[in-house]
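Report on the structure given below.
The values are calculated or read from the model by the stated rules, or taken from the named source; none is laboratory data. All figures in this text were calculated on a predicted structure; none of them were measured in a lab. Don't worry about glycine lacking a Cβ; one is built from the backbone with ideal geometry, like all the others, and counts go over all protein chains shown.
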């Protein structure tokens, strides 16, 4: 990042391609890169993996291509950058001015309008004559500034949260997953309240996060690894 200081504002985002909150934030990052890269903003995504399969460089590269990410992505498989920042979760956003001063921080989803206004403020400090666009509108109803949301069900992390699932057939415990012993093994979330349900899978296909609206996963082949379930907020009532 030091090579960018003095000439650019820098936005650093900690993310994980297997975290649904990171995926929901990513379109804003891409839009800010597209809007402001030529005006003095540098966006850097720091991929700090929350699951064991996320340490694989090739998997991250495939995810970056799949998501159409054009800004720089740094790999942080051992959480060295994470610890340097004292980071607290995914996603996390740090905005630095051209002198290297930290001017804006946000953890989690949201604060998109505030982030873009902060970006514009720093760009105007670099060049007061810039002509800047109106900030992006919210991509989802729950992204609107000031909206009040009901908390969704807490994420399920395996194998620690096996008790929150109904399991069919045999599943063996791994370091951060449960693994299906045979085809037809199933797992169902006992209860949840959320706008969407996502399963984190690896072992027999492309590792990553997959939407499962009914909260059910069934193994087509033995060796499927279920790392957990994640939940998204309920859309606000209008």
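Points worth noting:
- Number of residues in the stretch 187-208 that are assigned to a strand (DSSP E or B) and without any contact (Cβ under 8 Å) to a residue 60 or more places away in the chain: the value is 6.
- Meets criteria (farther than 30 Å from residue 60 by Cβ, in contact with a strand residue (DSSP E or B) (Cβ under 9 Å, 6 or more places away or on another chain) and assigned to a loop (DSSP other than H, G, I, E, B)) for residue 184: yes
- Check on residue 23, under 16 Å from the mean Cα position of the chain (by Cα), assigned by TED's automatic domain parsing to the domain that holds residue 95 and either more than 23 Å from residue 130 (Cα to Cα) or surrounded by fewer than 20 Cβ atoms within 10 Å (Cβ to Cβ) (or both): yes
- Qualifying residue in the stretch 118-126 (condition: assigned to a loop (DSSP other than H, G, I, E, B), buried (at least 19 other Cβ atoms within 10 Å of the Cβ), modelled with pLDDT of 95 or more and not assigned by TED's automatic domain parsing to the domain that holds residue 176): no
- Residues within the stretch 141-181 that are assigned to a strand (DSSP E or B) and within 22 Å of the chain's Cα centre (by Cα), tallied: 2
- Residue count for the stretch 76-87, restricted to those that are surrounded by 12 or more Cβ atoms within 10 Å (Cβ to Cβ) and within 18 Å of residue 18 (Cα to Cα): 5
- Taking the stretch 16-113 and the helices (runs of 4 or more DSSP H) fully enclosed by it, the elements with 1 or more residues that are within 24 Å of residue 198 (Cα to Cα) and out of contact with any helix residue (DSSP H, G or I) (no Cβ under 8 Å at 6 or more places or on another chain) are at 20-36, 57-67.
- Residues of the stretch 45-75 satisfying the condition of being crowded, with 18+ Cβ neighbours inside 10 Å and touching a strand residue (DSSP E or B) at 6+ places or on another chain (Cβ under 6 Å): 45, 46, 47, 48, 51, 53, 60, 71, 73
- Filter pass, residue 91 being surrounded by 21 or more Cβ atoms within 10 Å (Cβ to Cβ) and within 19 Å of residue 140 (Cα to Cα): yes
- Among the residues of the stretch 94-116, those identified as more than 18 Å from residue 30 (Cβ to Cβ) and surrounded by fewer than 20 Cβ atoms within 10 Å (Cβ to Cβ) are 97, 98, 99, 100, 101, 102, 103, 104, 105, 107, 108, 114.
- Residue 135 touching a residue at least 12 places away in the same chain (Cβ under 8 Å), in the same structural domain as residue 42 (by TED's automatic domain parsing) and either surrounded by 15 or more Cβ atoms within 10 Å (Cβ to Cβ) or out of contact with any strand residue (DSSP E or B) (no Cβ under 7 Å at 6 or more places or on another chain) (or both): yes
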